[in-house]
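The values are calculated or read from the model by the stated rules, or taken from the named source; none is laboratory data. Just so we're clear, the structure is a prediction, and the values are computed from it rather than from any experiment. Glycine also receives a Cβ, built like all others from the backbone with ideal geometry; neighbour counts cover every protein chain displayed.
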Amino acid sequence: MSHAEKLNKASTAFFFAGFAVSKLHHTPFIVLATLSNLASLFLYAIAYCLWFLASRLYPDCPRKAQSWYGFTEFKNQHIIAVILGIAAIISCMAALSMPLAIIPATWLFASSNSIWCISEYHKKQSLAISDKDYSVSLQTAYLRYAITTTALSFLTALDTTLAIIFPAETVLILTYSSIAGVGLGALAIYFLTDYIYHKHASDGIDISYIKMINPFNLLSEQSPQVQPRPSDEVAHFPPILATKPPVEASASQSKSMDVSKNPNACCLF
């Protein structure tokens, strides 16, 4: 296992730990809810740092400059997503003293997930025949998960913004967003389960076979070009959205609302 793969697995573990700890914010004990929010932010920060280190170790992969999603290499798109995620965490911490900072935090998380989603689409469109284990259907399943979680992040950012701008309509806004969030969350779980547990056929070509027949000039000029591709181990589950910071948890007694609805963030659906 390469260093990048090890870092990816560690990053995923910390993202999951942050998600699990964040669920404690539902407790009626304000102190415990506040500590869970702080702990989940800390775990997400570690996860983003590990993801950043892993991204630096990804192999170079030619970008599709002629396509809208090929504005930079796959690994650079992941690095951009990480930077935006870290900025979102910083905004969450700033919200401890400036509650309105939760708005840019939620939109930064949504932006981070958007870049992550684009990078996964970029990966799907850049089929590398050099990897015999590469599966288009597997990448499609993961892309669907990425799209669904990105939609969840925008839903949370939107309802958080509207609830703060229109406090009188908070209950109505959060009710509708909760219903939509449950549906999107169920879809995300379904796609993630399909990605992890369903067996997908490989579409790549064994590079050793190409090397064997090439000396006999059996490959025509029309043969697909072998290009490097990032490892299939690149599978991240970044938080969909920022959540209400700890200070908001204690302020909930004074007409604050819970703005967290993200399966991997501080406060989720």
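Some points to look at:
- Selection of the range 92-110 for residues being crowded, with 21+ Cβ neighbours inside 10 Å and assigned to a helix (DSSP H, G or I) yields Cys92, Ile102, Ala105, Thr106, Trp107, Leu108, Phe109, Ala110.
- For the range 51-68, the criterion of being small (Gly, Ala, Ser), over 19 Å from Thr149 (Cβ atoms), free of Cβ contacts under 8 Å to residues at least 60 places away in the same chain and not in a helix (DSSP H, G or I) is met by at least one residue.
- Any hit, the range 145-168, residues being under 19 Å from Ala45 (Cα atoms) and of a type in the set (Gly, Ala, Ser): yes
- Test: residue in the range 135-157 that is modelled with pLDDT of 90 or more, in a loop (DSSP other than H, G, I, E, B) and of a type in the set (A, V, I, L, M): no
- The criterion of being closer than 27 Å to Phe52 by Cβ, small (Gly, Ala, Ser) and at pLDDT 90 or above holds for Ser119.
- Residues satisfying the stated conditions in the range 21-31, i.e. surrounded by 14 or more Cβ atoms within 10 Å (Cβ to Cβ) and either modelled with pLDDT of 80 or more or among the aliphatic types (A, V, I, L, M) (or both): Val21, Leu24, Ile30
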